[in-house]
Amino acid sequence: MLEIVFANAYDEHMEKHRKNAVVFKDRIDQARIVAQTGRNTGIPERIFLVTGAAQGFGYGIAQAFAAMGAKVALADMNGKGAKDAAAIFSNDFNTDCIGIESNVSSEESVRDMVSEAVDHFGGLDVMVSCAGILKAGNLEDISKEDFERVNGVNYTGFFLCTKYAAAVMKAQRAIDPTRLHDIIEINSKSGLEGSKANFAYAGSKFGGIGLTQSFALELAPFGIKVNAICPGNLLDGPLWSDPERGLFKQYLEAGKVPGAKTTADVRAFYEAKVPLGRGCRVDDVVRAVKYVIEQEYETGQALPVTGGQVMLR
Ligand SMILES: NC(=O)c1ccc[n+]([C@@H]2O[C@H](COP(=O)([O-])OP(=O)(O)OC[C@H]3O[C@@H](n4cnc5c(N)ncnc54)[C@H](O)[C@@H]3O)[C@@H](O)[C@H]2O)c1
């Protein structure tokens with residue numbers, strides 16, 4: 001009896017979400033979703049949407065999964081960068097990639113981004129929310145506008161990406177109850193412990209872990225896992241190494257590293273903080289993303305990839 005009652009409640013629940021998904025998907029033909037994509041058991045059968053994919057971690061993640069045969073929508077504020085990368089990956093890896101110009105802090109833009117990806121590929125299996133920005137500074141340095149801008153991308157952006165991706169994933173799951181889905185936030189070690197003179201960023205990333213855990217609880221009944229990955233410093237990426245605006249240069253000029261005379265001194269200071277002795281690399285994070293997708297029995301986690309610099313308690 002209990003089982004029957006539960007089954008009815010489940011059907012009603014799924015019906016409600018089926019209807020909600022149809023409302024959102026004014027440009028998406030629901031029946032087409034599963035018909036086109038079929039089962040999504042392996043990486044090559046999956047459709048990815050990666051935000052912040054024009055450079056850095058997002059670019060590397062999009063590239064790696066395209067190389068494994070997945071279809072990938074690369075989204076970025078830098079639409080040209082995303083489209084150029086998509087053209088290169090489609091050609092290099094003989095798979096289908098598209099570039100989409102999008103601002104993750106705008107609800108309309110995120111809705112259009114998800115619609116465009118689903119229109120093109122006929123579905124969405126993995127959302128990687130990677131777009132992020134950082135504005136370092138003390139309380140005297142950071143204006144309310146700076147604070148809201150950082151949170152608008154890192155925190156609100158993750159919420160919006162999850163909201164629209166989950167609607168599509170629920171619709172897919174309602175048709176095919178065996179289908180598996182992942183929403184992954186590229187968070188940071190600064191989401192696991194405070195960061196001096198970097199509170200706007202650290203706060204946005206701590207918040208991202210609260211969202212990850214809460215979304216995981218809400219979306220588990222729909223076969224959608226939600227996890228965060230918390231990388232250490234990508235010292236070879238543009239955020240750190242850009243000769244004009246990179247953090248090595250900024251930190252040298254701001255005197256943040258005592259005694260540092262060159263950007264090489266700043267780099268050595270940050271490498272020395274890592275028990276495994278080097279900065280994080282894109283392939284370290286790709287391995288973590290792949291693990292999170294393939295591990296069917298874990299959700300709501302924040303997985304550090306920090307060379308031992310930050311350890312879970
Ligand atoms: N670089 C690091 O050391 C490091 C360490 C830990 C975590 N992370 C996280 O990894 C993610 C990627 O960082 P990265 O170093 O590759 O950064 P990056 O600056 O190299 O690339 C970020 C990309 O996001 C895009 N972007 C910025 N704002 C956007 C918006 N509103 N909408 C859409 N796209 C936008 C940019 O155009 C850029 O292409 C971020 O969430 C960051 O917090 C980075």
State whether the residues of the range 99-113 include one that is under 19 Å from the mean Cα position of the chain (by Cα), in a loop (DSSP other than H, G, I, E, B) and hydrophobic (A, V, I, L, M, F, W, C). yes
So LEU160 ticks every box in (1) touching a Phe, Trp or Tyr at 6+ places or on another chain (Cβ under 9 Å); (2) within 22 Å of ALA302 (Cα to Cα) but one. Which box is left unticked? (1)
Taking the options THR212, THR262, name whichever one is of a type in the set (Val, Ile, Thr) and exposed (fewer than 15 other Cβ atoms within 10 Å of the Cβ). THR262
Going through the range 62-104 one residue at a time, which ones are within 10 Å of the ligand (Cβ to nearest atom) and either surrounded by fewer than 22 Cβ atoms within 10 Å (Cβ to Cβ) or of a type in the set (A, V, I, L, M, F, W, C) (or both)? LEU74, ALA75, MET77, ASN78, GLY79, GLY81, ALA82, ALA85, ILE100, GLU101, ASN103, VAL104
Residue list for the range 167-178, restricted to those being under 20 Å from THR212 (Cα atoms) and out of contact with any helix residue (DSSP H, G or I) (no Cβ under 6 Å at 6 or more places or on another chain): MET169
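Just checking, does the range 122-145 include any residue being in a helix (DSSP H, G or I), in contact with a strand residue (DSSP E or B) (Cβ under 8 Å, 6 or more places away or on another chain) and in the same structural domain as GLY60 (by TED's automatic domain parsing)?
No: zero hits.
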Considering the range 74-105 alone, what residues qualify as being under 18 Å from PHE121 (Cβ atoms) and of a type in the set (Ser, Thr, Tyr)? SER90, THR95, SER102
Wholly within the range 185-304, helices (runs of 4 or more DSSP H) carrying at least 2 residues that are without any contact (Cβ under 8 Å) to a residue 24 or more places away in the chain and among the small types (Gly, Ala, Ser): 199-219, 263-271
I'd like the full set of residues that are farther than 30 Å from GLY255 by Cα, buried (at least 24 other Cβ atoms within 10 Å of the Cβ) and among the small types (Gly, Ala, Ser), limited to the range 122-162. GLY123, SER129, GLY157
Can you confirm whether VAL150 is of a type in the set (Val, Ile, Thr), part of a helix (DSSP H, G or I), more than 27 Å from SER90 (Cβ to Cβ) and touching a residue at least 40 places away in the same chain (Cβ under 8 Å)? yes
Pick from the range 277-304, criterion of a type in the set (Val, Ile, Thr) and within 13 Å of the chain's Cα centre (by Cα), ranking: farthest from the ligand (Cβ to nearest atom): ILE293
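The values are calculated or read from the model by the stated rules, or taken from the named source; none is laboratory data. All values derive from a computational prediction rather than experimental measurement. When we count neighbours, we look across all protein chains shown, and the Cβ atoms used for this are built from the backbone with ideal geometry, even at glycine.
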